[in-house]
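First the structure, in the form of structure tokens, and then the observations on it.
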Amino acid sequence: MVSAVALGSVSAQTFPAKPVRIVTAQAGGGTDFVSRIIAQGLTETLKQPVVVDNRGGNVSIVADLVAKAAPDGHTLLVYAATFWVLPLMQAVSYDPMRDFAPITLATSAPNMLVVHPSLPVKTVREFVVLAKARPGTLNYGGSTAGSSTHLAVELLKSMAGIDLVRVPYKGQGPMFTALMSGEIQLTITSGAALLPHVKAGRMRALAVTSAKPSNMFPGIPTIAATVPGYESETVFAVLAPAATPATVIKLLQRNIADILNRPDVKEKLFAAGNEVVASTPEYLASTMKADMVRLGKVIRAAGIRAE
């Protein structure tokens with residue numbers, strides 16, 4: 001328990017004065033997984049229950065709920081980059097930069113560019129050459145419009161100057177089946193989900209999407225090595241309502257970073273395809289701003305609207 005003196009601007013009480021709520025996406029996904037790891041750790045360190053409040057549907061519902069909560073650190077948001085990308089594709093009731101106080105970029109998960117084994121390419125450079133020679137003839141699997149999978153390929157198209165055709169699928173299962181059957185030629189999605197198929201020879205991995213080579217996928221180069229500046233990872237961030245006292249933000253960031261960097265927690269996250277970042281609030285804010293600028297250009301140029 002942190003004393004009132006240590007918290008300064010909320011000196012009228014200790015923090016937390018009551019259970020803390022982490023509002024996040026529906027149960028069962030990667031966001032929920034990261035949320036529960038953080039909640040379990042904070043319950044131990046803060047000496048108050050930290051509960052995960054799963055909300056299905058559009059992220060705008062979740063974000064709006066947190067934005068309107070009391071700015072005292074007792075209501076937090078854990079979400080993927082969809083939270084700050086969605087406003088670029090549709091009207092929402094919140095502003096990700098104005099209405100929230102960044103706490104930490106908790107984890108990142110490298111995605112992977114894979115192709116059907118019959119495609120005569122083994123490197124990103126060969127793939128770009130082939131795509132330029134056959135504009136509009138290579139199909140890629142994408143999920144919901146504006147999803148991380150969709151935007152990862154659209155970003156590659158924009159930066160590499162190639163023309164690929166999106167074929168939407170409802171979920172990874174149908175998309176993977178389509179890729180393995182040759183119905184589509186490529187996709188970019190979770191490296192952890194793709195790796196078993198790559199090892200079995202059902203898909204060919206060309207590169208990972210992280211800016212630097214990933215320890216999770218040793219020996220697989222980055223797209224950025226061929227297309228400088230390319231980066232597209234699945235990240236999970238923790239934020240609080242705007243005007244939450246800086247002392248509370250600092251306390252939460254320090255505690256969450258300590259939890260994420262525990263050897264057993266890092267191992268559990270790594271096994272699920274996540275690498276610990278545990279950034280400062282300032283780093284998360286700069287990541288959000290840079291993402292919105294970079295992806296905003298792609299979204300406007302491609303005319304992408306959220307489904």
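The values are calculated or read from the model by the stated rules, or taken from the named source; none is laboratory data. Remember, predicted model here, so these are calculated numbers, not experimental data. Positions of Cβ are backbone-derived with ideal geometry, glycine not excepted, and every protein chain shown enters the neighbour counts.
Every residue in region 199-212 that is surrounded by 15 or more Cβ atoms within 10 Å (Cβ to Cβ) and over 22 Å from L151 (Cβ atoms), please. Outline the logic, then answer.
Here is the first cut: in region 199-212, the residues surrounded by 15 or more Cβ atoms within 10 Å (Cβ to Cβ) are 202-211.
Within region 199-212, R202, R204 meet the criteria.
When each of V265, V293 is tested for being out of contact with any helix residue (DSSP H, G or I) (no Cβ under 9 Å at 6 or more places or on another chain), assigned to a helix (DSSP H, G or I) and of a type in the set (V, I, T), the lone residue that passes is V293.
Being within 26 Å of M89 (Cα to Cα), surrounded by fewer than 19 Cβ atoms within 10 Å (Cβ to Cβ) and either β-branched (V, I, T) or in contact with a helix residue (DSSP H, G or I) (Cβ under 8 Å, 6 or more places away or on another chain) (or both) is a property that S232 lacks. Scanning for something within 25 Å of the chain's Cα centre (by Cα), at pLDDT 95 or above and farther than 28 Å from L88 by Cα, does region 124-145 turn up at least one residue? Within region 124-145 (the criterion being within 25 Å of the chain's Cα centre (by Cα), at pLDDT 95 or above and farther than 28 Å from L88 by Cα), the answer is yes, since at least one residue qualifies. When T177, T209, T189 are screened for being free of Cβ contacts under 8 Å to residues at least 40 places away in the same chain and in the same structural domain as P117 (by TED's automatic domain parsing), only T177 passes.
If the condition is being touching a Ser or Thr at 6+ places or on another chain (Cβ under 8 Å) and either part of a loop (DSSP other than H, G, I, E, B) or under 30 Å from A39 (Cβ atoms) (or both), then region 107-133 contributes S108, A109, P110, N111, M112, T123. Taking (1) buried (at least 16 other Cβ atoms within 10 Å of the Cβ); (2) small (G, A, S); (3) over 17 Å from the mean Cα position of the chain (by Cα); (4) modelled with pLDDT of 95 or more in turn, A278 satisfies each apart from (3). Determine if region 78-86 includes at least one residue that is in contact with an Asp or Glu (Cβ under 8 Å, 6 or more places away or on another chain), surrounded by 17 or more Cβ atoms within 10 Å (Cβ to Cβ) and over 30 Å from T247 (Cα atoms). No: region 78-86 contains no residue that is in contact with an Asp or Glu (Cβ under 8 Å, 6 or more places away or on another chain), surrounded by 17 or more Cβ atoms within 10 Å (Cβ to Cβ) and over 30 Å from T247 (Cα atoms). Checking each residue in region 49-64 for being out of contact with any Lys or Arg (no Cβ under 7 Å at 6 or more places or on another chain) and surrounded by fewer than 20 Cβ atoms within 10 Å (Cβ to Cβ) picks out P49, N54, R55, G56, G57, N58, S60, D64.
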